[in-house]
Amino acid sequence: MLKILSYAVLVLLLALVALVAIAWWSLRAPDLPAEQLEREFQTPNERHVEVGPGLRLHYRDEGAADAPVLLLLHGYGDSYATWEGWSPVLRDQWRVISLDLPGHGLTAAPAGFILDGNALTTIVLGFADKIGAKRFAVAGNSMGGGVAWKLALAAPERVQALVLVSAAGWPSEATGASPSLAFRLLQYQWGRDLLASIDNRPLIKQGLTAQVHDKALITDAVIDRWARYQRYPGHRDVLMSAPPASHATATAERLAAVKAPTLVLHGDDDPLIPVEHSRRFAAAIPGAKLIVYPDVGHLPQREIPERSAKDVGEFLAAQR
């Protein structure tokens with residue numbers, strides 16, 4: 001009887017391994033050629049600039065060339081496209097530059113690049129040098145918000161205004177699971193290895209839908225764009241190089257040194273970063289203003305683009 005039971009367990013394990021292998025084989029997806037993706041998505045007002053060996057940053061440049069510069073920094077896994085609803089509102093008064101960070105969108109990164117907040121801060125400053133932006137305002141969502149407040153600390157003489165949109169930075173005190181399966185998988189090396197080799201479209205759909213209050217905003221076109229950008233050469237390796245929690249280094253003492261006028265935006269229905277974190281940013285940064293949007297999730301720039309951009313425009317106009 002024991003031998004029969006052991007044999008049954010072995011068969012079950014082999015069947016499970018076979019199912020996992022079949023699932024991986026059906027989902028595996030190689031990188032797509034960079035030239036193909038650039039032909040597919042790039043528009044005439046978009047550029048590339050070299051800021052280091054193997055580091056070719058992609059950005060969209062809108063507004064008058066002599067207008068003050070506003071840099072827009074997206075979150076983890078996102079791209080410059082997340083700001084498309086802000087540009088029409090802001091580009092009359094600002095030179096609006098939405099940037100793809102390494103491992104995202106159409107930006108090429110060197111092999112072995114590590115997605116680290118301090119490295120991203122240095123890269124964005126180098127990018128600003130390349131485009132001739134001696135001073136600039138900066139807005140960032142989620143991971144991009146974490147880079148934005150680090151910029152304000154690293155180069156206070158250059159950051160003339162700071163906008164944090166559901167910004168990353170505070171260590172999470174939550175004990176529950178993330179609403180995104182992808183973020184849960186990122187906590188394990190085997191999970192990162194898996195995500196680096198497959199078409200993540202189902203996980204992107206689940207994660208994005210969980211992040212917004214209005215689920216209808218996450219269309220097939222939005223999901224397809226995210227998924228195809230992740231198949232840019234080397235992107236998934238960069239995305240898996242460090243979990244997003246590595247950006248959580250904010251303290252009240254550090255943020256008290258921010259000199260730039262600051263606006264903090266957050267949706268009250270954000271399941272990814274608690275609204276309490278933005279309240280901490282507003283409390284820690286001297287003179288910061290906080291706006292909490294009802295019935296909005298993690299991506300106010302996508303969910304209520306005109307309203308959030310109007311608030312940003314009014315804030316920035318007051319600083320000028």
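Bear in mind that the values in this text are calculations on the coordinates, not laboratory data. As the structure is a prediction and not an experimental result, all values here were calculated from the model. Positions of Cβ are generated from backbone atoms using ideal geometry, with glycine treated the same way; all protein chains shown enter the neighbour counts.
Data for the structure
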read-out: Approximate shape of the range 50-96 as ellipsoid semi-axes (Cα gyration tensor, √5λ), whole Å, largest first; value: 21, 15, 7
read-out: Ordering of 313-320, 261-268, 286-293 by packing [mean C-beta count within 10 Å, highest first]; value: 261-268, 286-293, 313-320
read-out: Mean Cβ neighbour count within 10 Å, used as a protection proxy, ranking 59-69, 201-211 highest first; value: 201-211, 59-69
read-out: Kirkwood-based Rg to Rh ratio, the range 73-127, C-alpha trace; value: 1.01
read-out: Sequence-distant residues sharing a close amide H with Ser172 (under 5 Å, placed H); value: none
read-out: Set Lys150/Lys259; Lys259/Lys289; Lys259/Lys310 screened for pairs whose C-alpha atoms are more than 18 Å apart; value: Lys259/Lys310
read-out: Per-bin percent of Cα-Cα distances, the range 49-166 [10 Å]; value: 15, 52, 31, 2
read-out: Long-range tail of P(r) for the range 250-320 (Cα pairs > 13 Å, %); value: 64
read-out: Nonlocal amide H pairs with Val163, under 5 Å, H built at 1.01 Å; value: Val138, Ala139, Gly140, Leu263
